[in-house]
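*Asks:* This is the structure I want to talk about, given as structure tokens.
The values are calculated or read from the model by the stated rules, or taken from the named source; none is laboratory data. Values in this document were obtained by computation on a predicted structure and should not be read as measured data. Ideal geometry is used to build each Cβ from the backbone, glycine not excepted, and the neighbour counts take in all protein chains shown. Quick note on the areas: whole protein, heavy atoms, side chains included, nothing else; ligands and nucleic acids left out. Shrake-Rupley method; radii C 1.70, N 1.55, O 1.52, S 1.80 Å.
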Amino acid sequence: MIRDQVIAKDFCCGPLQLTLRAQDADLYDKIAETLELYDLIWPAPRREVKILARRSQTPEPAAKGDFLRCSRMLVDRSSDGLSASTTSGAGARARFDAARESWHITVPQSLVDQNKLEEIEDLLSLVLTTGWRREGWTPIHAAAVVKNGACVVICAPTGGGKTTLTAALVRRGWQVLGDDKILLRMSKGQPIIAALLHTFNLHPQTRRWFPEVGDLEQLPRYSVWTEKRKVSISSIWSHAPAQTAKPTVLIALRRNDDVTQAVIAPLREEDVMETLLRQTVIPADRPTARDIVSTVARAAGRLRGLNVEVPTDAYRDPQFLVALESAIERAS
């Protein structure tokens with residue numbers, strides 16, 4: 001049953017102030033669930049972005065993907081902004097009016113009836129990424145930790161162990177800016193990393209190495225796409241949260257069960273940039289792509305790189321972390 005009232009609320013997502021207006025409680029709850037993950041409140045001023053979400057009774061044309069094409073979403077550049085659609089047969093849609101800084105999200109009634117509102121998560125990632133870029137920030141799918149003036153950006157594919165290594169370093173006194181998503185920009189010739197949220201994305205098996213995280217199986221999954229749970233960093237390690245830092249070292253992390261001991265080696269300068277580029281989404285749109293690549297290239301030029309291969313149980317060996325910290329100190 002569609003409810004007639006419009007529900008409205010503001011959310012802070014890094015440098016963005018989002019005002020959500022939803023047609024009914026089902027859409028509001030799903031969108032709010034995602035936006036509320038961003039628990040770190042940035043100081044004003046923030047870019048104001050409006051989101052209006054409603055149900056759609058009639059099909060709308062799908063995007064072709066001339067701006068961005070990925071597995072679950074297609075995005076076109078339109079005359080006044082962007083238009084996007086998820087790639088399922090009855091996909092959700094989003095249109096961005098750049099002049100008004102407003103998004104219109106429409107969700108087919110069939111998706112509501114089937115309780116498949118997780119498609120909204122993909123559209124919200126586009127909403128947030130677009131806003132962050134318009135504020136001069138490049139979102140990076142990476143972790144970042146800081147200690148004694150050294151700031152390490154940890155890069156790995158999804159499921160590649162970013163959170164586990166981050167937790168291991170935090171346990172040794174490092175602070176964390178993020179274990180999965182951070183923002184990057186250049187300021188006065190220096191790269192700056194900023195935190196978006198102060199939670200960890202922890203897989204239940206993390207308890208195998210870090211029993212202090214507790215029984216994560218008792219917590220709800222924050223997305224249907226993952227087994228991970230959202231956990232407040234400070235609830236486990238009170239010293240840990242950090243907000244901004246100047247990155248000095250990049251770690252290209254790879255899990256390798258064919259080795260019995262961790263391997264730490266220098267990373268070639270050209271591989272630092274390639275590694276960092278793999279951690280962000282680059283649209284086909286040339287002006288947008290040029291800005292992203294320029295930011296990443298300038299940041300990469302200021303970083304020293306380490307290639308780190310770890311077997312599954314590397315975090316049971318304290319000597320690995322001692323050796324890694326020594327390598328970070330030398331690289332910094």
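*Asks:* So what is the calculated 222 nm ellipticity per residue for the chain, using -39500 (n - 2.57) for each DSSP H run with n of 4 or more, over all residues, to the nearest 500 deg cm²/dmol?
*Replies:* -7500 deg cm²/dmol
*Asks:* Further question: Compute the length gained on full extension between GLU329 and GLN261: take 0.36 nm times their separation in residues and subtract their Cα-Cα distance, giving the result in nm to one decimal.
*Replies:* Values: separation 68, 0.36 × 68 = 24.48 nm, distance 2.06 nm.
Full extension from GLU329 to GLN261 adds 22.4 nm.
*Asks:* How far apart, in nanometres, would the label points at GLU269 and SER79 be if each is projected 7 angstrom from Cα along the Cα-to-Cβ direction?
*Replies:* Between GLU269 and SER79, the label points sit 4.8 nm apart.
*Asks:* Further question: Give me the percent of accessible area attributable to carbon and sulfur for segment 207-252, probe 1.4 angstrom.
*Replies:* Its accessible area is 47 percent carbon and sulfur atoms.
*Asks:* Right, next: In Å, what is the Rg of the alpha-carbon atoms in the chain, and how long is Dmax?
*Replies:* 20.5, 62
*Asks:* In the neighborhood of ALA299, defined by Cβ-to-Cβ distances under 12 Å, what is the net charge if each Lys or Arg adds +1 and each Asp or Glu adds -1?
*Replies:* Once positives and negatives cancel, what remains is +4.
*Asks:* Among the lysines, which fall within straight-line cross-link reach of LYS188, defined as a Cα-Cα distance under 28 Å, with same-chain neighbours fewer than 8 residues apart omitted?
*Replies:* Cross-link targets: LYS147, LYS246.
*Asks:* Sticking with this structure for a sec: Work out, step by step, the length gained on full extension between ARG298 and ARG316: first 0.36 nm times the residue separation, then minus their alpha carbon distance; give nm to one decimal.
*Replies:* Residue separation times 0.36 nm, minus the Cα-Cα distance, leaves 2.8 nm.
*Asks:* Send over a whole-number figure in Å² for the accessible area per residue of the chain, probe 1.4 Å. Numbers along the way, then the final one.
*Replies:* Numbers: 15770 Å² over 332 residues.
Accessible area per residue, the chain: 47 Å².
*Asks:* TRP209 label point, 7 Å along Cα→Cβ, cut-off 16 Å on backbone N: hits in segment 236-265?
*Replies:* Only 251-264 fall inside the zone, counting backbone N under 16 Å.
*Asks:* Within segment 63-89, whose backbone N sits under 18 Å from a point 7 Å along Cα→Cβ of ARG100?
*Replies:* Hits in segment 63-89 for ARG100 at 18 Å: 78-84.
*Asks:* Put +1 on the Cβ of every Lys and Arg and -1 on every Asp and Glu Cβ in the chain; which of ALA167, PRO204, VAL231 then has its Cα farthest towards the positive end of the dipole?
*Replies:* Towards the positive end, the residue furthest out is ALA167.
*Asks:* For LEU277 paired with LYS188, estimate the spin-label separation in nm (one decimal), with each label point 7 Å from Cα along the Cα-to-Cβ line.
*Replies:* So the label points at LEU277 and LYS188 sit 3.0 nm apart.
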